[in-house]
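Have a look at the structure below, then the notes.
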Amino acid sequence: MSDSESNAPQRRWWQHPLVPCAAVAVLLVAVGDAYPLSPFPMYSNIDTSANMLLVTNEKDEALPLSRLFNSGSAQLKKRFEKELQDQTGTREYQDVKPEQQVAAGQAFLRDLWAGRDKGDVAKLPAPPQVLRLKIRTMTMNGTEFGDTIHPIADLAVTGEGGEP
Amino acid sequence: MKVLKSLVQARPMSWSPAERLLMRLAFAAVILFSGILWNAAKLPDPGVDLKDPNGLAKVLPLQWLADPGVLMVGKPLVAAGLLAYVVGFAPVLTLWPALVYMLGTGALRNSMGDISHHTQIVAMVLLAQWLVYVVGAARRQPWTKPPPALQDQVIFWSVLMIGASYFASGIVKLKASDLEWIQRVPALSVQVFKAVWSASYSSGEPVSGFKAETVPWLIVQHPHLARLFFGTGLLLELLGLFMVLSHRHARWIGIGLIAMHLGISVVMEIDFVNHMLLVLIFAVNVPSWFLRPKLSGTPEPAMPHEPEREPGRAAAEH
């Protein structure tokens with residue numbers, strides 16, 4: 001930092017305020033996501049397909065994830081992908097065998113259920129007996145859309161307060 | 001060449017004592033919201049191994065910050081420190097608890113296997129402010145009551161961090177797409193669908209037909225209009241670099257960025273509240289709209305590092 005960066009007349013090009021600003025930006029891009037630094041890469045790579053994570057009960061009704069587990073669908077999808085990567089070496093569920101999907105899915109659901117907000121689970125009209133992890137995939141081909149839901153794994157839970 | 005030079009000509013940036021006070025007050029409130037209410041509510045259990053340590057959590061043991069006892073003591077300490085910071089007392093010391101808490105809990109929050117981008121901008125501005133105060137103290141400037149010139153530098157670096165963040169985000173988009181981001185905009189229809197349904201799966205609320213069906217359909221049917229709409233957002237991010245040129249640049253680019261965030265919020269249900277608040281506080285600087293006209297009549301005494309100003313120039317800038 002020097003006084004010249006903001007208010008003093010710029011005598012040299014490196015004293016221009018754009019220089020430190022650009023330098024910080026380049027640093028952020030170079031370092032990547034390393035808290036507290038980030039280049040904010042959201043929607044930088046626009047793909048023609050997108051996956052969404054949902055968890056339903058035994059009646060296939062979607063559970064409100066943020067309320068019950070304090071994390072939203074997008075965050076939980078990344079956690080499931082991390083679990084899949086730890087177990088199989090890839091984040092893509094399509095690239096692994098069904099039994100590997102089930103193993104990673106059940107490990108994810110066990111963690112999820114262990115971290116539930118018991119008070120909010122108790123407030124549900126009926127606490128879930130089974131958690132079903134599903135990935136919904138939306139694709140675009142020209143002007144046509146495709147929409148599929150792929151079941152990953154089920155986990156029986158014994159209701160509020162119970163253990164899987 | 002002359003035109004280019006005039007486009008990037010930097011103007012002096014300084015702030016009145018009242019503006020600086022209001023900025024500190026508002027920023028302290030944002031830190032409390034993001035550092036205590038947001039991050040602390042989403043911390044991993046202190047006994048559980050971190051799934052994927054990120055940033056500071058890779059190099060420092062931070063899990064003690066998630067201990068309920070530490071949180072109980074830490075929160076009032078952060079609040080008391082921020083109160084002292086707001087009144088301008090010894091920020092090198094009084095910002096320290098907030099810095100530890102914000103950076104520590106943020107790194108923990110992002111070490112659970114997913115990365116959230118809601119609080120980094122607050123943490124980066126806080127870190128930059130503290131570093132500027134530290135450099136000032138190291139240069140033997142009064143550290144218990146920082147001089148106005150140092151306080152101006154602190155705000156300037158806050159604007160700089162915000163501008164650099166947006167510029168970095170724009171660069172990443174161009175880099176990741178091999179400069180084809182604008183051409184790929186029609187595929188954002190799928191991302192809109194994803195954002196809207198993800199929000200619904202998170203909240204349990206039903207989706208809006210307009211956002212989940214009409215908007216993606218409109219993007220695909222009118223790709224050039226979509227490119228214009230989303231391309232404007234990319235342009236605004238890249239313009240973030242120029243926020244450091246003058247108050248006027250900061251204000252108008254800031255207003256554009258807030259409009260961009262509001263547009264994204266309406267179309268995709270993705271809110272970047274902290275980003276909007278920091279842009280509003282440090283770049284748009286609403287109090288200056290009311291305080292500056294008065295100041296033009298009674299200008300502040302020139303600061304030691306500030307060039308002589310023509311009468312009324314500060315006001316003319318706005």
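Computed log10 I(q)/I(0) for chain B at 0.11 Å⁻¹: -0.81, from the Debye equation with unit scatterers placed on every C-alpha and solvent omitted.
What ranking do B:Val284, A:Val55, B:Val100, B:Val59 get, fewest neighbouring Cβ atoms within 10 angstrom at the top?
Going from least to most buried by this count: B:Val59, B:Val100, B:Val284, A:Val55.
Computed from backbone phi, the HN-Hα couplings of region A:23-40 come to 5, 5, 4, 4, 4, 4, 5, 5, 6, x, 7, 9, 3, x, 8, 6, x, 6 Hz, rounded to whole numbers (Karplus: 6.51 cos²θ - 1.76 cosθ + 1.60, θ = phi - 60°; Gly and Pro given as x). Output the 0 to 90 degree angle, nearest 10, between the alpha-carbon long axis of helix A:73-88 and the longest principal axis computed from the alpha carbons of chain A. Relative to chain A, helix A:73-88 is tipped by roughly 80 degrees.
Summing charges over neighbours of A:Ala103, with a neighbour being any other residue whose Cβ is under 10 Å away from its Cβ, gives -1 when K and R count +1 and D and E count -1.
Could you list the square roots of 5 times each eigenvalue of the Cα gyration tensor of region B:159-214, that is, the equivalent ellipsoid semi-axes, sorted largest first and rounded to whole Å? Don't skip to the end; give the middle numbers.
On the way: eigenvalues 162, 58, 14 Å².
Those come to 28, 17, 8 Å.
For A:Ala153, the amide hydrogen comes within under 5 Å of the amide hydrogens of A:Leu133, counting only partners 5 or more places away or on other chains and with H modelled in the peptide plane. Diffusion coefficient of region B:79-228 by Stokes-Einstein, Kirkwood radius over Cα pairs, 10 °C, 1.306 mPa s: 84 µm²/s.
Counting every alpha-carbon pair across region B:73-127, the share separated by more than 17 Å comes to 40%.
Beyond 43 Å, the tail of the calculated P(r) for the protein assembly as shown holds 21 percent of the Cα pairs.
Treating each Cα of region A:3-141 as an identical point scatterer and summing with the Debye formula, the log10 of I(q)/I(0) at q = 0.10, 0.11, 0.19 Å⁻¹ comes to -0.53, -0.60, -1.18.
Annotation: amide H-H contacts under 5 Å for A:Val130 (H modelled 1.01 Å from N, sequence separation of 5 or more, or interchain): A:Glu58, A:Val157. For region B:1-65, the average shadow cast by the Cα convex hull is 8.8 nm², which is a quarter of the hull's surface. Between B:Ala28, B:Ala226, B:Ala199, the residue with the greatest mean-square fluctuation in the GNM of chain B (Cα pairs under 10 Å linked by springs) is B:Ala199. I want to check a number: in region A:40-135, how many lysine pairs have alpha carbons closer than 26 Å, given a sequence separation of 8 or more or different chains? Within region A:40-135, the lysine pair count is 19. Shown for region B:8-139 is the translational diffusion coefficient from the Stokes-Einstein equation, using the Kirkwood radius over Cα pairs, a temperature of 4 °C and a viscosity of 1.567 mPa s: 83 µm²/s.
Taken one residue at a time, the phi angles of region B:114-121 give Karplus couplings (6.51, -1.76, 1.60, θ = phi - 60°) of 9, 10, 9, 10, 7, 10, 4, 5 Hz. Gly and Pro are set to x. Positive contributions from Lys and Arg (+1) and negative ones from Asp and Glu (-1), summed over other residues with Cβ under 14 Å from the Cβ of B:Val86, come out at +2. Estimated from the Cβ-Cβ distance and a Förster radius of 51 angstrom, the FRET efficiency linking A:Gln94 and B:Val87 is about 0.35.
Every number in this text was worked out from the coordinates using simple rules, so none of it is lab data. Please read all numbers here as calculations on a predicted model, not as lab measurements. A quick note on method: Cβ atoms are made from the backbone with ideal geometry, for glycine too, and the neighbour counts reach across all protein chains shown.
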